[in-house]
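Values in this text are rule-based calculations from the coordinates and carry no lab data. Computed from a prediction, not measured in an experiment: that's the story for all the values here. Heads up, the Cβs are rebuilt from the backbone with ideal geometry, glycines too, and the neighbour counts pull from every protein chain shown.
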Amino acid sequence: MKPKLYVILGSHACRTGMLLLEHKGIDYERVELPTGLHPFGLRFRGFSRKKAPARNVGGRRRPQMLATADRMGTVPALRMNGDRVETNREIARYLDSRQPDPPLFPSDPERRSAVEEAESWGSETFQMAARRLVLTAGLHPEVLIDHANDGRLGPLLFRSEWVRLQGTRMIARLVFRANKDAEQELLGSLPDQLDRIDAWVESGVLNGDQLNAADFMIAPSLALLSYRSDIKPELETRPLLQLIDRVLPEPT
């Protein structure tokens, strides 16, 4: 049976899962679940994360709705060879164990450790920061280029512009605490985060000769931030732009 990757529309986390499979050259079927209802869709298909790790939402305990959704299942989720695998970090290691070439991690232990550090930070910290920053744009949607109808990740979350506006406002408020105060805090911390990514690019941990799991983890979050008209110009002045353009070029 062809592997199936369960995703939601325009998700930066889900694009990471897609990139991991494409890096391996694995022919797979992409199954798009309805945004917001995807945990139910995963549970129906046999996925379950009874011991889901707590995601950090602004340094505070995650909202109950997010905790419940995480326990039911999270995207991307991979079904392959009869196995069910969730979260990008687990998917990356599963794929390397089943199909070693081309690898997602360097063979040299020191370089692998550096890539795993970047991958972990990209998953646990930067991915959530990018998500919340774009969700807060629902408070003033004019900041989203083309109202997020298109971009490096395609339309975000919903195909309908009106549904996207209403849906993201609800998700921002109830699930991810993406409000006006959070926006200012996140914008204030963003330069340091981008500096960190630039340093990894310049050292070759990211955007090296061979792309790796950390590249595929971080590039989609940068691509998501490029939907904000107040952040995109900053991205375009930095070394990290090379990574975004290489992994997720602008649509033509």
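Here are the numbers:
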read-out: Virtual spin-label span in nm between Lys4 and Gln99, 7 Å along Cα→Cβ; value: 1.8
read-out: Neighbour-count ranking [beta-carbon atoms within 10 angstrom, fewest first] of Ser107, Ser160; value: Ser107, Ser160
read-out: Contact order relative to length of the chain, as percent, for alpha carbon pairs under 8 angstrom and 6 or more apart; value: 24
read-out: Extension reserve of the Lys180-Arg112 stretch, reckoned as 0.36 nm per residue once the Cα distance is removed; value: 20.7 nm
read-out: Using alpha carbons only: equivalent-ellipsoid semi-axes of the chain, gyration tensor based, whole Å; value: 25, 23, 17
read-out: Potential lengthening between Ile145 and Glu29 on full extension [0.36 nm per residue; Cα-Cα distance subtracted]; value: 38.8 nm
read-out: Computed lengthening from Asp209 to Glu236, 0.36 nm per intervening residue step minus Cα-Cα distance; value: 7.6 nm
read-out: Long-range Cα-Cα pairs in the range 110-167 (distance over 18 Å), rounded percent; value: 45
read-out: Within straight-line cross-link reach of Lys4, aspartates and glutamates at Cα separation under 13 Å, skipping those fewer than 8 residues along the same chain; value: Glu22, Asp27, Glu29, Glu32, Asp83, Glu86
read-out: Mean-position separation - Cα centroids, the range 102-128 and the range 148-183, in angstrom; value: 28
read-out: As computed over the range 109-247, the Cα convex hull volume per residue (Å³); value: 99
read-out: Magnitude of the charge dipole, the chain, Cβ model with Lys/Arg +1 and Asp/Glu -1, debye to 20; value: 1580
read-out: Ascending count of other beta-carbon atoms within 10 Å, so fewest first, for His23, His147; value: His147, His23
read-out: Relative exposure of Glu234, Glu86, judged by other C-beta atoms within 10 Å (fewest first); value: Glu234, Glu86
read-out: Estimated inter-spin distance, Glu250 and Arg159, nm [label 7 Å along Cα→Cβ]; value: 2.6
